[in-house]
Amino acid sequence: MVRSFRLAVLAGLLLSTLSSVAGADSSRDALMSEATRLGYDNQAAAGLGVVRQVLAQYPDDVEARMLEARLLAWSGHNDEAGAVVSRLQEDHPRNADILALAGDISWYGGDIATAHERYEGALSLKPDHGDSLQGLARTEAARKRRWRIDTGLDISRFGPQGLKEWQDSNIRIGYAPSDDTELHVVGWQSHRFSLIDRYVEVGADHRFLPWLRGSAAVGMTPDASFLPKRRIALGGAVRVRDEKGLLDATWLSLDWQHSAYLSGTVSYIAPGLQQYLFEGRVWITARILRVVNENDKSNLGYETRADWQALDRLRIFFGYSDAPETNANITAYTSSRFGGMVIGLTPDIDVTLSGSRGDPWRKTVGAALSVRF
């Protein structure tokens, strides 16, 4: 009988403990639900008071701490919310939910670039993270830049031949009135042979369908000495394959250009191929050029180039070309090896550094800056 009594006491204590735990969990869940409801009802300050009742009992409750941060942000205390999230990240550096919340806090504060980076970070930990996918879509839409300015300078030297160096500077201003169309104007100043020519161009690029795009441009050089007096260019590309993996999208292109020089007209037609690899991290471009020179003679050449997106903000490229080139109103074959890198200083500012060596002695270095806004 004594043994039965002891068993009964132990069973009673166990049931009482389980009942207390269940009651505490039930109370905690009810408070969390109430705090969340208040937040969605635009009563974030009241919800903050409720969730802090949970934190008073469970100070290490990660879910409650995350809700506290969100409610702080919703009530206008974004700095405090950021401090709470920072402490959570220190304790849980590989938690996708916390990183996505950090993105939300940045979004609430208007820091779209940082929010974008944090959503991307969460997706790197968990590629199917729903909140981060939605957040990334929001930031992509908000970050859509309609204007782009590209400017650059190339300097060419010719070694022992004794020719003066060439300096080519350019600026391109692009504006996208829609997601499918970009208009541009180009200004190009070239200092060669102790002469200066200035070329201007206007053009447009348009995406007719997700798999079909085209371009057109016209340009001129007032009082031309060695650049084209007039130029017209047309181009198009069609995507013939759209897969993911080792072998990604495949594009076929066709470009045509007709230029009028002092010595006569030069035109070319260039079919091309662009193949993406390794989920778009690498792409290879190749073109065959058929050039009809100022003497109405046909010449064939080719260009190849490879790009590698080594890091999110670092792209490396290199290539080789052996094709006719028109300089000083004369078209001649020129082979060239080139390479460089594109460095993203911010999501909207890139710097390009490049170099090339052409036959027989031409060496060129260049730098360019791209800004999107």
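No value in this document is a laboratory result; all are computed from the given coordinates. Since this is a predicted model, take the numbers as computed values, not measurements. Here the Cβ positions follow ideal geometry from the backbone for every residue, glycine too, while neighbour counts run over all protein chains shown.
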query: Hey, what's the per residue convex hull volume over the C-alpha atoms of region 43-195, in cubic angstrom?
result: 193 Å³
task: Could you grab the relative contact order for region 276-339? Cα pairs under 8 Å, six or more apart, rounded to a whole percent.
output: 25 percent
- request: Please work out the Cα center distance from region 323-367 to region 245-308, rounded to the nearest Å.
  value: 16 Å
message: At a threshold of 8 angstrom on Cα-Cα distance, excluding pairs fewer than six apart, so keeping six or more, what relative contact order does region 138-267 reach in percent?
response: 14 percent
message: Helix 130-142 against the longest principal axis of the chain: what's the angle in degrees, Cα atoms only, rounded to the nearest 10?
response: 40 degrees
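So what's region 248-299 giving for Cα Rg divided by 2.2 N^0.38 Å, two decimals? List each step's numbers first, then the result.
Details: Rg = 15.2 Å, N = 52, 2.2 N^0.38 = 9.9 Å.
Against the compact-globule rule of thumb, the ratio is 1.54.
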query: Which far-off residues, 5 or more places away or on another chain, put their amide H under 5 Å from the one on Arg230, with H placed in the peptide plane?
result: Thr221, Ala260
query: How many percent of all Cα-Cα pairs in region 147-372 sit more than 20 Å apart?
result: 67 percent
Hull-based mean projected area of region 288-373, where the convex hull spans the alpha carbons, in square nanometres: 7.1 nm²
field: lysines with Cα under 29 Å of Lys297, excluding same-chain neighbours fewer than 8 positions away
entry: Lys229, Lys363
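Can you order the peptides 315-321, 142-148 by their average number of other Cβ atoms within 10 Å per residue, highest first?
Numbers: 315-321: 17.0, 142-148: 13.0.
Going from most to least packed, we get 315-321, 142-148.
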query: So which trypsin sites (Lys or Arg not before Pro) in region 154-204 are both in a DSSP loop and have at most 16 other Cβ atoms within 10 Å of their Cβ?
result: Lys164
query: Within straight cross-link reach of Lys126, meaning Cα distance under 23 Å, which lysines are found once same-chain residues fewer than 8 apart are removed?
result: Lys244
field: region 119-149 versus region 193-217: alpha-carbon centroid distance in Å
entry: 30 Å
- line: Phi-derived 3J(HN,Hα) across region 86-93 with the Karplus relation (6.51, -1.76, 1.60, θ = phi - 60°), rounded Hz, x for Gly and Pro, is 4, 5, 5, 5, 4, 7, 9, x
message: With θ taken as phi - 60° and the coefficients 6.51, -1.76 and 1.60, list the Karplus ³J(HN,Hα) couplings across region 315-321 in order, rounded to whole Hz; mark glycine and proline as x.
response: 10, 10, 9, 7, x, 8, 9
- prompt: With axes computed from alpha carbons, what is the tilt in degrees of helix 2-40 against the longest principal axis of the chain, rounded to the nearest 10 within 0 to 90?
  reply: 40 degrees
field: the chain, relative contact order in percent, only Cα pairs under 8 angstrom and at least six apart counted
entry: 9 percent
message: Taking only the Cα atoms of region 170-221, how large is their convex hull per residue, in Å³?
response: 74 Å³
- prompt: Taking only DSSP H segments of four or more residues, each worth -39500 (n - 2.57), what value at 222 nm results for the chain once the sum is divided by all its residues, to the nearest 500 deg cm²/dmol?
  reply: -11000 deg cm²/dmol
